[in-house]
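Colleague: Dropping the structure in here first, questions after.
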Amino acid sequence: MPDFNAIIIGGSYAGLSAAMALGRSRRRVLLLDTGRPCNRQTPHSHNFLTQDGATPAALRAQALAQTLQYPTVELRAEEAVTATAVAGCFEVGTATGASYTAPKLLLATGVIDLLPALPGFAECWGISVLHCPYCHGYEVGDQRLGVIGNGDMGFEFVRLIHNWSPRLTLFTDGPATLNPAQQQALVRHGIAVVETPLAGIAHTQGQLRAMQLADGTAHPLDAVFARVPFEQAGTLARQLGCAFTEMGHVQVDDMQRTGVPGLFAAGDATTPFRAVSAAVAAGGKAGAIMNMELIAEKFQ
Ligand SMILES: Cc1cc2nc3c(=O)[nH]c(=O)nc-3n(C[C@H](O)[C@H](O)[C@H](O)COP(=O)(O)OP(=O)(O)OC[C@H]3O[C@@H](n4cnc5c(N)ncnc54)[C@H](O)[C@@H]3O)c2cc1C
């Protein structure tokens, strides 16, 4: 007999939402979570209906309280380090040496943002170095904004951010690789381009004051937008034989199923559309489909 009906690895927005759907379906659920959601440094989370402006800590506390009121849902603060699929059952091993089994498994482990070594960047991440204008653009509207980027991607990003403020500078961190049409469009819209390599970000407790350049000058700013690469949080999806998209997300179908029978994935691990609302929606869907599969397997 497996220990649980379902194991969920990652107890943040996607994982807790799946746990709620499964708990309300009277399933025995184990949530394993190391408690490090990717938005933990941001002071306020935005653009999630009914919770606009809540702190990530408050969101998490409320989500945990509501999920754990279902008596068949159990949370353990353990890191899952191994996972295998044997004969219709998953076995998950944790860093404490424990192991748990269940016929359904959800990976809701999120991603790790790979922040550049630029001094000040990590300290300002989520506070005044921002990745997403839908999450944090409104709060810096009409302020002095920077965008770090170059080439086609940098141009697309600065064009997007222009919607929030016309006081905008594109930092290409070296010679610009913009084509002539892009350069002319930036001039037309009054967007300055700074090619001098970046040296650091001057800030006070994460609140940006200026972009420091390698020539010793400083460019006063209120916030900067930057896109950073990411990697999957851990190797569990790889251990289980999941397929990945070209961008590096775990490949899932419309029902959050991976190609491995019984194995689901949801949240940032599966999509470039990073938002609390999207993670909650995907987790809820995964929970319901996991429950449907459990019913189908018993009710012949
Ligand atoms: C700086 C920043 C600010 C953001 N601001 C906003 C915002 O204002 N509004 C908005 O809608 N979205 C925002 N987002 C996006 C949003 O935070 C993510 O889309 C959302 O957190 C994804 O939820 P998730 O459950 O997939 O992953 P996460 O929230 O990242 O959670 C993953 C969880 O899995 C756990 N975990 C990972 N591996 C293991 C393991 N092996 N064993 C056990 N546990 C594990 C982690 O500790 C973590 O608790 C922001 C993102 C960032 C980076």
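The values are calculated or read from the model by the stated rules, or taken from the named source; none is laboratory data. These numbers were taken from a predicted model, which means no experiment stands behind them. Positions of Cβ are backbone-derived with ideal geometry, glycine not excepted, and every protein chain shown enters the neighbour counts.
Colleague: Does Met211 satisfy the criteria of being in a loop (DSSP other than H, G, I, E, B) and either touching a residue at least 40 places away in the same chain (Cβ under 8 Å) or within 30 Å of Lys104 (Cβ to Cβ) (or both)?
Modeller: Numbers: in a loop (DSSP other than H, G, I, E, B): no; either touching a residue at least 40 places away in the same chain (Cβ under 8 Å) or within 30 Å of Lys104 (Cβ to Cβ) (or both): yes.
Here the answer is no, as Met211 does not meet what is asked.
Colleague: Can you confirm whether region 266-279 contains a residue that is loosely packed, with under 15 Cβ neighbours inside 10 Å, more than 11 Å from the ligand (Cβ to nearest atom) and without any contact (Cβ under 8 Å) to a residue 12 or more places away in the chain?
Modeller: no
Colleague: Still on this structure, please answer the following. Name the single residue, out of those in region 12-45 being within 18 Å of Tyr100 (Cα to Cα) and within 6 Å of the ligand (Cβ to nearest atom), that is nearest to the chain's Cα centre (by Cα).
Modeller: Gly15
Colleague: May I pose another question? Give the residues of region 78-128 that are free of Cβ contacts under 8 Å to residues at least 40 places away in the same chain and of a type outside the set (A, V, I, L, M), sorted by residue number.
Modeller: Residues satisfying the conditions are Glu91, Gly93, Thr96, Gly97, Ser99.
Colleague: Of everything in region 20-33, what is surrounded by 18 or more Cβ atoms within 10 Å (Cβ to Cβ) and assigned to a loop (DSSP other than H, G, I, E, B)? Give them in sequence order. Let's see the steps before the verdict.
Modeller: Taking region 20-33 first, the residues surrounded by 18 or more Cβ atoms within 10 Å (Cβ to Cβ) are 20-23, 25, 27, 29-33.
Correct list: Ser25, Arg27, Asp33.
Colleague: Can I ask one more? When the residues of region 46-76 are narrowed to those that are near the ligand (Cβ under 8 Å from one of its atoms) and either touching a residue at least 24 places away in the same chain (Cβ under 8 Å) or exposed (fewer than 13 other Cβ atoms within 10 Å of the Cβ) (or both), which ends up nearest to Gly120 (Cα to Cα)?
Modeller: His46
Colleague: Which of the strands (runs of 3 or more DSSP E) found entirely inside region 95-191 contain at least 2 residues meeting this: of a type in the set (Phe, Trp, Tyr), more than 21 Å from the chain's Cα centre (by Cα) and within 15 Å of the ligand (Cβ to nearest atom)?
Modeller: Those strands (runs of 3 or more DSSP E) do not exist here; none qualify.
Colleague: Same structure, new question: Consider Ala87 carefully, then state whether it is more than 8 Å from the ligand (Cβ to nearest atom), more than 24 Å from Ala275 (Cα to Cα) and at pLDDT below 95.
Modeller: Here the answer is yes, as Ala87 does meet what is asked.
Colleague: For a quick check of your reading of the model, give me the residue pairs whose first member lies in region 24-43 and is farther than 20 Å from Arg76 by Cβ, whose second is assigned to a strand (DSSP E or B) and of a type outside the set (A, V, I, L, M), with beta-carbon atoms closer than 9 Å and at least 6 apart or on different chains.
Modeller: Cβ pairs passing all conditions: Cys38/Asp113; Cys38/Phe230; Asn39/Ser45; Gln41/Trp125; Thr42/Trp125.
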